[in-house]
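*Asks:* Sharing a structure with you now.
The values are calculated or read from the model by the stated rules, or taken from the named source; none is laboratory data. All values reported here derive from a predicted model rather than from experimental measurement. Methodologically, a virtual Cβ is constructed for each residue, glycine included, from the backbone with ideal geometry; neighbour enumeration extends over all protein chains shown.
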Amino acid sequence: MTLSNEPLTLLEARHLTRIFGGGENEVRAVDDVSFAIHPGEIVAIVGESGSGKSTLARLLLRLLEPTSGQILFRGEDITALHGPRHLKTYWREVQGIFQDPFASFNQFYSVGRVLKKTLDLSDEKLSRAEQQQRLELALRNVGLDPTDVLKKGSHQLSGGQLQRVMIARALLVDPEIVIADESTSMLDASLRVTILNVLSELRARLQMTILFVTHDIGQAYYLSDRVFVMYHGQIVEQGPVEEVLHDPQHAYTRRLMADVPRLGGWGAKVAAD
Ligand SMILES: Nc1ncnc2c1ncn2[C@@H]1O[C@H](COP(=O)(O)OP(=O)(O)OP(=O)(O)O)[C@@H](O)[C@H]1O
Ligand SMILES: [Mg+2]
């Protein structure tokens, strides 16, 4: 039971910091970052190359150790958890989708085998038939025909199909939140919109929470409810996407937007509302 009207916090960062190197070579890739993400929202992290977006995503996925600061999941500090045995539950709830689907897909495996391996993460005892049903449902959820793709390897799929498979894989274990790091940047423009629509639909249908990392402010505008603007490892501006992008307060945000002359091209969101 909640005692206040505050929305529940799903994922929270408190003074999260990651420093690489030392001395003259020190890079504060993520520098004292704090925020809270609530269930069901889509939050975009935008920023230029090197601003620390992927480092932040990897910290949140617990694939990289923070130098200092905390990560809380549903109010529980998970920063103290180390190693696969202790992080297993967290990794089921917080799934990542990465930029290059070809790199994250074992090329010697079929789609079916890759998905089954992920399903093994789940503690549920499923019969073979139930497993098969689960795989087929996950693929249909991202608009793929299971009979067409299950037996195929990555080299037999298009980039867009493969990225959908990666989304299906992330959804298979029924996560609370998906962290997608530049997961559309390898795709051409029309496929990019298709994948954004897949994510947006999943949110609507499954009440999925999504943290969406992109250097493309137009994509952030199209997909997200809130936006965090990263600059030199810090969140320099955050707020509802319409507010931040229509009335940016920080000079850096304005500069980012100036680099995107086609922001008007993403106006479909406004037209659809
Ligand atoms: N493993 C590492 N060792 C040393 N420095 C690193 C490491 N990973 C990232 N960095 C540095 O941290 C900073 C942030 O990098 P990061 O990859 O998080 O940026 P990004 O915003 O994701 O950039 P891009 O848009 O190019 O993906 C950069 O200066 C980068 O060189
Ligand atoms: Mg990156």
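*Asks:* Does region 17-27 hold any residues that are within 16 Å of ligand 2 (Cβ to nearest atom) and either buried (at least 16 other Cβ atoms within 10 Å of the Cβ) or of a type in the set (Val, Ile, Thr) (or both), and which are they?
*Replies:* Matches in region 17-27: Arg18, Val27.
*Asks:* Among the residues of region 127-176 satisfying the criterion of being part of a helix (DSSP H, G or I) and hydroxyl-bearing (Ser, Thr, Tyr), which is modelled with the highest pLDDT?
*Replies:* Thr147
*Asks:* Now, a different point. For region 201-214, check the following and say yes or no: at least one residue is outside any strand (DSSP E or B), modelled with pLDDT under 90, over 21 Å from the mean Cα position of the chain (by Cα) and away from ligand 1 (no atom under 15 Å from the Cβ).
*Replies:* For region 201-214, residues outside any strand (DSSP E or B), modelled with pLDDT under 90, over 21 Å from the mean Cα position of the chain (by Cα) and away from ligand 1 (no atom under 15 Å from the Cβ): absent.
*Asks:* Taking region 168-193 as the search range and keeping residues that are in contact (Cβ under 8 Å) with a residue 40 or more places away in the chain and of a type in the set (Ser, Thr, Tyr), which one is surrounded by the fewest Cβ atoms within 10 Å (Cβ to Cβ)?
*Replies:* Among residues in region 168-193 that are in contact (Cβ under 8 Å) with a residue 40 or more places away in the chain and of a type in the set (Ser, Thr, Tyr), the one surrounded by the fewest Cβ atoms within 10 Å (Cβ to Cβ) is Ser185.
*Asks:* Which pairs turn up if I take residues in region 43-69 that are touching a residue at least 12 places away in the same chain (Cβ under 8 Å) and look for partners that are near ligand 2 (Cβ under 9 Å from one of its atoms) and hydroxyl-bearing (Ser, Thr, Tyr) with beta carbon separation below 7 Å, at least 6 apart in sequence or on another chain?
*Replies:* Final answer for the pair search is Leu64/Thr55.
*Asks:* Quick one: in region 177-193, which of the residues that are within 16 Å of ligand 1 (Cβ to nearest atom) and in a strand (DSSP E or B) is farthest from Ile210 (Cα to Cα)?
*Replies:* Asp181
*Asks:* Oh, and also: Do we find that Ala29 is within 30 Å of Gly218 (Cβ to Cβ) and in a strand (DSSP E or B) in this structure?
*Replies:* The answer is yes for Ala29.
*Asks:* Among the residues of region 62-84, which ones are of a type in the set (A, V, I, L, M, F, W, C) and either more than 16 Å from ligand 1 (Cβ to nearest atom) or buried (at least 21 other Cβ atoms within 10 Å of the Cβ) (or both)?
*Replies:* Ile71, Leu72, Phe73, Ile78, Ala80, Leu81
*Asks:* Suppose we keep only residues that are of a type in the set (A, V, I, L, M, F, W, C) and in contact (Cβ under 8 Å) with a residue 60 or more places away in the chain within region 97-115. Which one would you say is surrounded by the fewest Cβ atoms within 10 Å (Cβ to Cβ)?
*Replies:* Phe102
*Asks:* I've got another one for you. Within region 32-61, count every residue that is surrounded by fewer than 17 Cβ atoms within 10 Å (Cβ to Cβ) and either near ligand 1 (Cβ under 8 Å from one of its atoms) or not in a loop (DSSP other than H, G, I, E, B) (or both).
*Replies:* Result for region 32-61: 6.
*Asks:* Tell me yes or no: at least one residue of region 82-89 is more than 21 Å from Asn197 (Cα to Cα), in contact (Cβ under 8 Å) with a residue 24 or more places away in the chain and away from ligand 2 (no atom under 16 Å from the Cβ).
*Replies:* Yes; the residues of region 82-89 include at least one that is more than 21 Å from Asn197 (Cα to Cα), in contact (Cβ under 8 Å) with a residue 24 or more places away in the chain and away from ligand 2 (no atom under 16 Å from the Cβ).
Per-residue answers, yes or no, for (1) among the polar types (S, T, N, Q); (2) touching a strand residue (DSSP E or B) at 6+ places or on another chain (Cβ under 7 Å):
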position	(1), (2)
Gln107	yes, yes
Gly112	no, no
Leu115	no, no
Leu119	no, no
Asp123	no, no
Asn141	yes, no
Leu144	no, no
Thr147	yes, no
Lys152	no, yes
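*Asks:* Can you pull out every residue in region 33-91 that is polar (S, T, N, Q) and farther than 23 Å from Gln219 by Cβ?
*Replies:* Once the filter is applied, which keeps residues that are polar (S, T, N, Q) and farther than 23 Å from Gln219 by Cβ, region 33-91 yields Ser34, Thr67, Ser68, Gln70, Thr79, Thr89.
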